[in-house]
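Read the figures in this text as sums done on the coordinates, not as results from a lab. Remember, predicted model here, so these are calculated numbers, not experimental data. For neighbour counting, all protein chains shown are included, and Cβ atoms are generated from backbone atoms with ideal geometry for every residue, glycine included.
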Amino acid sequence: MIPCELMVSRVLPVIRSVAASRLAKTKKQKEIAEELGITEAAVSHYLSKRRGNYGGVVGKAVAKSVDKFIGKKMPHAEKVCAVCRDLRSSGALCAIHAEKNPSFDVRGCMICRNAC
């Protein structure tokens, strides 16, 4: 699995879930949906943990990274890309990859750190 596939399948739902829960403290679901570029129904699923509910390595790493960017004045797409870069440069994406595919030896792998 290449870094972008891993981001889309495992990490993007968690980014949306964490972002929705952080934004729900001050915004309505309609406003969250507009900001994240998703439907109100999707926001509801993220807030109720029916989507993007990952614990462990994924949840912790993503929450830490999302918190760095959630208050910044930039489009949501740029925030997602910033979170992706942060996860790759910190090595957290390698840990997520290892959790997804335990047989893959991430030691010494530089694919995530050298990708786009």
Quiz item: So which aspartates and glutamates pass the test for K49, namely a Cα distance under 15 Å, with those fewer than 8 places away in the same chain ruled out?
Solution: E40
Quiz item: When the chain is fully extended, how far beyond the present Cα-Cα distance does K27 get from S9, taking 0.36 nm per residue of separation?
Solution: 3.8 nm
Quiz prompt | Value of relative contact order over the range 3-114, rounded to a whole percent, pairs C-alpha under 8 Å and six or more apart | solution = 27
Quiz item: Taking a threshold of 23 Å on the Cα-Cα distance, which of the pairs K30/K72; K73/K100; K25/K100 fall above it?
Solution: K73/K100; K25/K100
Quiz item: Does a label point 7 Å from the Cα of I111, set along Cα-to-beta-carbon, have any residues of the range 73-97 with amide nitrogen under 16 Å, and which are they?
Solution: 88-89, 91-97
Quiz item: What helices does the chain hold that run 18 Å or longer along their axis, going by alpha-carbon atoms, with a Kyte-Doolittle average of -1.0 or more, using DSSP H for the helix calls?
Solution: 56-69, 76-90
Quiz item: Which listed residue (I70, A82, L36) has the Cα farthest towards the positive end of the charge dipole for the chain, taking +1 on Lys and Arg C-beta and -1 on Asp and Glu C-beta about the Cα centre?
Solution: I70
